[in-house]
Amino acid sequence: MINDKAILVGVDGSDASYKATWWAANYAKHAGLTLQIVCAYSLPSYAAVSFDATYTTMGDDAAAHSDAQEILSKAKAIADEQGVEAVTLIVTGDPSSVFVELSRNYNLIVIGNRGKGGLAERLLGTTSSSLPAYAYCPIVVVPYTDDDGNLMHLNNQIRKVAVGSDESKWGLKALQIAAEFAANWDATLDVISAVPNISGLTGTGSAEEKSVMDSYLEDLDDRIQPLQQTYPGLKIDKKVVPGSAVEALTQASRDHDVVVVGSRGRGGFTGLLLGSTSQGLLQHAVSPVYVVPRKYVEASESELETATFSAEEGETPTLEDINGVKEVSVAKAKGVEDIESAIDPLHDDQD
């Protein structure tokens, strides 16, 4: 069963994951959704792989479970501060596999980026194990710092949304989602289309170059027109830029609250998103990136629900079908103000 009334956020004890929790709770509150917080760990090497804390007991499930509860209590306290009642879940298993399977059951999963190791490294470290490349639902990746190590400030209100647009089915789905997202926040939508550099043409200012740019602009107008009919009150700005789409979207992340992009999965644009550090949008964006994965687009096209790996054909999949998922109660964490100050020093200045 797809839980369209809840969003899921993954935590591992890092400030990056607590920042993702803050963003997810703020979004859930605005959208009237419930929040579920999950901490995943695997044995016997959970201390080296799963959490961003230091542990003395290796292979001790009781210790791992206790540590996970403490992490969840802090994350839940962040949600409580925003008036969001969160459900806390513990899952045993490799985080990469766990979150891919969990993505079959949600419409949105939120994770943090630029934690020192831990969950962010496991889920974003390589294309082969990356959650955005293999997930069955959209993924929001929340940055912790910029490339210089400066903490990124998160706004309570989303006022500007950027989306990368092309004629692929992934680009069209990303455009559709970005429009709905912006409309729900009463935000401005900036639609960006990138024109590949052409040797001897790009930058010449020639009539031929203008003709190419005009052609891209006409195609962009055609893609935007249905959105203007669906969301008549939505303010849409459009931009056609020469060069790399990744560079354009990375630049857009500096003055937009969210950047939306489609992912083709293996290869293609994912290579640009998640490949090298020098090119990856997720590694360099300074605002949350909303990734629309290939499998999600394909499932939407076929209008068929994806079943979890252990559910029998014809049954409605649930969280219980995923091995190791357990809802837990956690004690109320103390010192949440210190956590919020650490993840966003400008928190008290937000409007």
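The values are calculated or read from the model by the stated rules, or taken from the named source; none is laboratory data. Values in this document were obtained by computation on a predicted structure and should not be read as measured data. Quick reminder, even Gly has a Cβ in these numbers, built from the backbone with ideal geometry, and neighbours come from all protein chains shown.
For beta carbons closer than 6 Å, sequence separation of 6+ or different chains, a first residue in the stretch 1-27 that is assigned to a loop (DSSP other than H, G, I, E, B) and a second that is among the aromatic types (Phe, Trp, Tyr), the qualifying pairs are Asp12/Phe51; Gly13/Phe51. Only one of the numbered conditions (1) surrounded by fewer than 18 Cβ atoms within 10 Å (Cβ to Cβ); (2) in a helix (DSSP H, G or I) is not met by Ala174, and that is (1). Taking residues in the stretch 176-189 that are closer than 12 Å to Thr230 by Cβ, and partners anywhere that are among the aromatic types (Phe, Trp, Tyr) and outside any helix (DSSP H, G or I), the pairs with Cβ atoms closer than 7 Å and at least 6 places apart or on different chains are Ala179/Tyr231; Ala183/Tyr231.
For the stretch 132-153, the candidate set comprises residues that are within 17 Å of Ser17 (Cβ to Cβ) and among the hydroxyl-bearing types (Ser, Thr, Tyr); within that set, the residue that is modelled with the highest pLDDT is Tyr144. Residues in the stretch 84-110 that are under 15 Å from Lys332 (Cα atoms), modelled with pLDDT of 90 or more and assigned to a loop (DSSP other than H, G, I, E, B): Val84 alone. Just one of the listed residues (Val259, Val297) is at pLDDT below 90, touching a Phe, Trp or Tyr at 6+ places or on another chain (Cβ under 9 Å) and at negative phi, and it is Val297.
Specify the residue that is modelled with the lowest pLDDT; the eligible residues are those in the stretch 262-294 that are in a loop (DSSP other than H, G, I, E, B) and either of a type in the set (D, E, K, R) or touching a His at 6+ places or on another chain (Cβ under 7 Å) (or both). In this case the residue turns out to be Arg266.
In the stretch 144-155, is there at least one residue being under 13 Å from the mean Cα position of the chain (by Cα) and not assigned by TED's automatic domain parsing to the domain that holds Val246?
Initially, the stretch 144-155 is screened for residues under 13 Å from the mean Cα position of the chain (by Cα), giving 144.
Next cut, not assigned by TED's automatic domain parsing to the domain that holds Val246 only: 144.
Taking every residue of the stretch 144-155 in turn, at least one turns out to be under 13 Å from the mean Cα position of the chain (by Cα) and not assigned by TED's automatic domain parsing to the domain that holds Val246.
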